[in-house]
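Peer 1: Quick one: the structure is below, questions incoming.
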Amino acid sequence: MNVFDNIKAIAAERGMTIKSLAEKAGIGENSIYRWKRTNPSTKFLDKVARVLNVSTAELISDNSDEDIELQAIQKKAKALSVEDKRRLLQLIELVFEKNK
């Protein structure tokens, strides 16, 4: 995936359109669409990353679909309490040990 695809996917996860993202970041919508073909400046990339609450590295990462699914799992798990993380780990071990 390219920078634009990453931005579009992350924005969609947060219920945002490219237009609303551009407005919140204070940049032109067409600037973001241009990133399908060109690389954004660090300045604009930082603005978009701040609005999406992600690192710029996440925006420029060239992930496969499997990596994207893993990242989605990680993001959800990070939001859990320590105790819920332990429970989730136990559940995963229980469920996937049965399947082996």
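Each value in this text was obtained by applying a stated rule to the coordinates, not by laboratory testing. Here the structure is a predicted model, which means the values were calculated and not measured. Using ideal geometry, Cβ is built from the backbone for each residue, glycine included, and neighbour counts are taken over all protein chains shown.
Peer 1: Out of these labelled values of volume of the Cα convex hull per residue in Å³, [x] 107; [y] 88; [z] 122, which was calculated from the coordinates shown here?
Peer 2: [x]
Peer 1: Estimate the FRET efficiency between residue 2 and residue 70 by the formula 1/(1 + (r/R0)^6), using the beta-carbon distance for r and 22 Å for R0, to the nearest 0.05. Write down the numbers at each step before the final one.
Peer 2: Numbers: r = 19 Å, r/R0 = 0.87.
Result of the calculation: an efficiency of 0.70.
Peer 1: Let me ask something else about it. How tilted is helix 42-52 with respect to the longest principal axis of the chain? Cα atoms for both, answer in degrees (0 to 90, nearest 10).
Peer 2: So the helix axis and the longest Cα principal axis differ by about 50 degrees.
Peer 1: From the helices alone, meaning DSSP H stretches of at least four residues, give me the mean residue ellipticity at 222 nm for the chain, per-run term -39500 (n - 2.57), in deg cm²/dmol to the nearest 500.
Peer 2: Theoretical 222 nm ellipticity from helices: -21500 deg cm²/dmol.
Peer 1: Continuing with this model, one more query. Rank by packing, highest mean first: peptides 70-81, 50-61, with packing defined as the count of other Cβ atoms within 10 Å averaged across residues.
Peer 2: Those peptides, ordered most packed to least, come out 50-61, 70-81.
Peer 1: Grab the beta carbon distance between residue 82 and residue 14, set R0 = 30 Å, and tell me the FRET efficiency rounded to 0.05.
Peer 2: So, using R0 = 30 Å, E works out to roughly 0.75.
Peer 1: Here's something else I'd like to know. Relative to the present Cα-Cα distance, how much length would full extension add between residue 61 and residue 34 at 0.36 nm per residue of separation?
Peer 2: Stretched out fully, the residue 61 to residue 34 stretch lengthens by 8.0 nm.
Peer 1: At what distance in nm do the modelled label points of residue 89 and residue 41 sit from each other, each positioned 7 Å from its Cα along Cα→Cβ?
Peer 2: With each label placed 7 Å out from Cα toward Cβ, I get 4.5 nm.
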